[in-house]
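Asks: One structure follows; several queries about it will come next.
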Amino acid sequence: MEPGADEVAFESPAHFRIYKSGRIERLNRPPVLPAGLDEATGVTSKDVVLDAGTGLSVRLYLPKLQEPSKKLPVLVYFHGGAFLLESAGSATYHTYVNPLAAAAGVLVVSVSYRLAPEHPLPAAYEDSWTALQWATSAQDEWIAEHCDMARLFLAGDSAGANIVHDMLMRASGSGDGAPRIEGAILLHPWFGGNAPIEGEPPGAAAATAGLWTYAFPGAVGGADDPRMNPLAPGAPALEKLGCARMLVCAGKQDALYVRDRAYYEAVAASAWPGDVAWLESEGEEHVFFLPKPECENAKQLMDRVVAFIAGA
């Protein structure tokens, strides 16, 4: 081992510690909760392995059926965690998706993609695309029996919202076999760039660039790779976004707020023919709705997501 290789290169207190050697120490991991019936919401979940070789799996959430003959929308959800942490079965996401499925009346396909650095990007993007294609193929009996694939939604938070953007760009360029996505929900998306932009907190761009390099050492252009910086020079035109509607959400106190707002404004100003909406949560930090689901702003955010899926 090189001298100093075991020195800490990057640390996010209570989340992870990255060493110069490339090793990651994941701190305070939330427990993985079992799938099954959630008594509080009436939602039933199950795990499905999509690729035993890579470990790619999804957790499906089926809300209590009020009208068994009524078809449900499908929501494919991508969790956050800087591409380094979390899973669909994590308590963080299991306890968020159960109420979401119940409130919105949707079948949720929550994706457990491979994590960096053990599986550097683009592994997570490839896994997410595979899971999206699997969901739209309706091979699963729950999806085949209960869902209307004409009402397909994507959602994700932080790195998961970053994945949503990549899925939309892929959907636009995959020809006749592309899934038709009605709506996309980007919750506090993690975007960055090599250089700071006006209004961005000091150090925010550098922190994102450092983490991105660690998660995706092969990225061309560093943090100006269009998957991390959709507004970078040479990035694919936003008019190619493969959905009809979009909701972009941000926390006013989030270090990513300025990037998120710039993304929303760029989509709104582009030649994309869809409708884009914006929601900001006053006084709130990054993905506040996960640790504080009962606070008023989290309830308002949930209501807005539910209304968006309903078409409002």
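Bear in mind that the values in this text are calculations on the coordinates, not laboratory data. As the structure is a computational prediction, the values presented were derived from the model and not from experiment. FYI the Cβ positions are ideal-geometry reconstructions off the backbone, even for glycines, and counts take in every protein chain you see.
Asks: Excluding same-chain residues fewer than 8 positions from residue 292, which lysines have a Cα within less than 21 Å of its Cα?
Replies: List returned: 252.
Asks: Another question, then. Rounded to whole Hz and in sequence order, give me ³J(HN,Hα) for the stretch 227-240 from the Karplus expression 6.51 cos²θ - 1.76 cosθ + 1.60, θ = phi - 60°, writing x for Gly and Pro.
Replies: Per residue, the Karplus-derived 3J(HN,Hα) values read 6, 9, 10, x, 9, 5, x, x, 5, x, 4, 5, 5, 8 Hz.
Asks: From the helices alone, meaning DSSP H stretches of at least four residues, give me the mean residue ellipticity at 222 nm for the chain, per-run term -39500 (n - 2.57), in deg cm²/dmol to the nearest 500.
Replies: -9000 deg cm²/dmol
Asks: Mind pulling the angle between the C-alpha long axis of helix 204-215 and the longest principal axis of the chain? Nearest 10 degrees, somewhere in 0 to 90.
Replies: For 204-215 against the chain, the angle is about 80 degrees.
Asks: Pairs of alpha-carbon atoms within less than 8 angstrom and 6+ residues apart define the contacts here; what relative contact order does the stretch 48-119 have, in percent?
Replies: 45
Asks: Another question about this same structure. Can you tell me the convex hull volume per residue for the stretch 1-100, based on C-alpha atoms, in Å³ to the nearest whole number?
Replies: Taking only Cα atoms, the stretch 1-100 has a hull volume of 124 Å³ per residue.
Asks: Please list, in chain and number order, the residues 5+ apart from residue 147 or on another chain whose amide H is under 5 Å from its amide H, with Hs placed from the backbone.
Replies: When sequence neighbours closer than 5 places are left aside, the close amide H contacts are 72.
Asks: Okay, moving on. Amide H to amide H under 5 Å from residue 83: which residues, 5+ apart in sequence or cross-chain, H placed 1.01 Å off N in plane?
Replies: Long-range HN contacts for residue 83: 159.
Asks: Still on this structure, please answer the following. Based on DSSP loop calls and a cut-off of at most 14 other Cβ atoms within 10 Å, the longest stretch of the chain free of exposed GluC sites (Glu not before Pro) is what?
Replies: So the longest stretch without any such site is 199-281.
Asks: Ok, one more. What is the Cα radius of gyration of the stretch 54-195 over 2.2 N^0.38 Å, N being its residue count?
Replies: Here the answer is 1.01, to two decimals.
Asks: Which whole-Hz ³J(HN,Hα) couplings does the stretch 155-162 yield from phi under the Karplus relation 6.51 cos²θ - 1.76 cosθ + 1.60, θ = phi - 60°, glycine and proline marked x?
Replies: Working through the residues one at a time gives 8, x, 10, 6, 4, x, 6, 4 Hz.
Asks: Restricting things to alpha carbons, tell me how big the stretch 68-130 is in terms of Rg and Dmax, in Å.
Replies: When restricted to Cα atoms, the stretch 68-130 yields Rg and Dmax of 13.3, 45 Å.
Asks: Report the Stokes-Einstein translational diffusion coefficient (µm² s⁻¹, integer) for the stretch 122-170, Rh taken as the Kirkwood radius over Cα pairs, at 25 °C with viscosity 0.890 mPa s.
Replies: Calculated translational D: 211 µm²/s.
Asks: Order 240-251, 210-221 from most to least packed using the mean count of other Cβ atoms within 10 Å.
Replies: Per-residue Cβ counts within 10 Å, averaged per peptide and sorted highest first, yield 240-251, 210-221.
Asks: Report the FRET efficiency, 1/(1 + (r/R0)^6), for residue 252 and residue 25, where r is their Cβ-Cβ distance and R0 is 30 Å, rounded to 0.05.
Replies: 0.40
Asks: A 24 angstrom limit on the alpha carbon distance is what I want to check against. Which of 70/299; 46/71; 71/299; 64/299 exceed it?
Replies: 70/299; 71/299
Asks: Given H placed 1.01 Å from N in the peptide plane, which residues other than close sequence neighbours of residue 9 have an amide H under 5 Å from its amide H?
Replies: 18, 19, 20
Asks: With a/c under 1.5 counting as rounded, go ahead and sort the stretch 188-235 into rounded, prolate or oblate using the C-alpha gyration tensor (a ≥ b ≥ c being the square roots of the eigenvalues; past the cut-off, prolate if a/b is larger than b/c, else oblate).
Replies: oblate
Asks: Using the Karplus curve 6.51 cos²θ - 1.76 cosθ + 1.60 with θ = phi - 60°, work out ³J(HN,Hα) for each residue of the stretch 261-277 in order, rounded to whole Hz, and write x for Gly and Pro.
Replies: 5, 5, 5, 4, 5, 5, 5, 5, 8, 7, 8, 4, x, x, 10, 10, 10
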